[in-house]
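Since every read-out is calculated from the coordinates, none of them should be taken as a lab result. Because the structure is a prediction, the values reported are computed rather than measured. Cβ placement follows ideal geometry from the backbone for every residue including glycine, while neighbour counts extend to all protein chains displayed.
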């Protein structure tokens, strides 16, 4: 099998039996496919993937830093990296066949579907992969009509009491580019995990119909700050979004940690669909 991925091509002589995953998005997709890894990241797994915290799964490192000794000792048939771990692709390729499943962001959900298809082929789960893609497409299509009638939206990310904005090119920018929520501004800088820093005055000035909020602290397990407290002030209360009950706090782990997984994106679509269906 020749696997084309974000950093080239990797050849497998046989279907892999021992797979180590260092990317939470790939683990999310594998879990939904019913494909069982032997090794997983040892930290920052979303709650819906908590079963992989069990000692029955080798902890192959963090989302950023592989445990090379453990991986080498496991003698895997395949190692999967992505987003946060992709910089280690070269080093890991010297130990075992490695693929980089960093999702293509143009368009974002197409990259997710490509990874579903690819992992379905690798693990002999093509039928299940097709079902997952059909379900994801149906959810996205169902959200488009209400989203395009909903008015403007601003995606915020809170981090240690600070607020940033995510735009159409961000990890959840598909809410604008693919689903159809109108953005309040096209020039939002999407290079930073904490978003393009904005003030409460800016948010009130743009006065969006909807605010979609990602609590980064909750996503990465940092205590001491939370999005609701950060946005609990008079300026936010004066926005149309607040007055109409249109502030949606997205699942922080799905939106921040595993933003390119099947289950994570399905969760986010369901949350937004539930909110706009009540308007």
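General remarks:
- Neighbour-count ranking [beta-carbon atoms within 10 angstrom, fewest first] of 156, 118: 118, 156
- Take every Cα pair under 8 Å whose residues are at least 6 apart in sequence, average their separation, divide by the length of region 145-277, and the relative contact order is 26 percent.
- Helices in the chain, meaning DSSP H runs of at least 4 residues, each add -39500 (n - 2.57). Divided by all residues, the mean residue ellipticity at 222 nm is -10000 deg cm²/dmol.
- Over the chain, the reciprocal of the mean inverse Cα-Cα separation, the Kirkwood hydrodynamic radius, stands at 19.5 Å.
- Angle in degrees between helix 126-148 and the longest Cα principal axis of the chain, rounded to the nearest 10: 10 degrees
- Fewest-first ordering of 236, 269 by other beta carbons within 10 Å of each residue's beta carbon gives 236, 269.
- At 1.567 mPa s and 4 °C, Stokes D of region 2-102 from Kirkwood alpha-carbon radius, µm² per second: 98 µm²/s
- Highest-first packing order for the peptide set 212-219, 145-152, 19-26 is 19-26, 212-219, 145-152, based on the mean count of other beta carbon atoms within 10 Å.
- For region 126-279, a Kirkwood hydrodynamic radius built from all Cα pairs, placed in the Stokes-Einstein relation at 10 °C and 1.306 mPa s, yields a translational diffusion coefficient of 101 µm²/s.
- Global geometry of region 122-209, whether rounded, prolate or oblate, following the gyration tensor of its Cα atoms and the 1.5 cut on a/c: oblate
- When each of the peptides 9-18, 29-38 is scored by how many other beta carbons lie within 10 Å of its residues on average, the order from highest to lowest is 29-38, 9-18.
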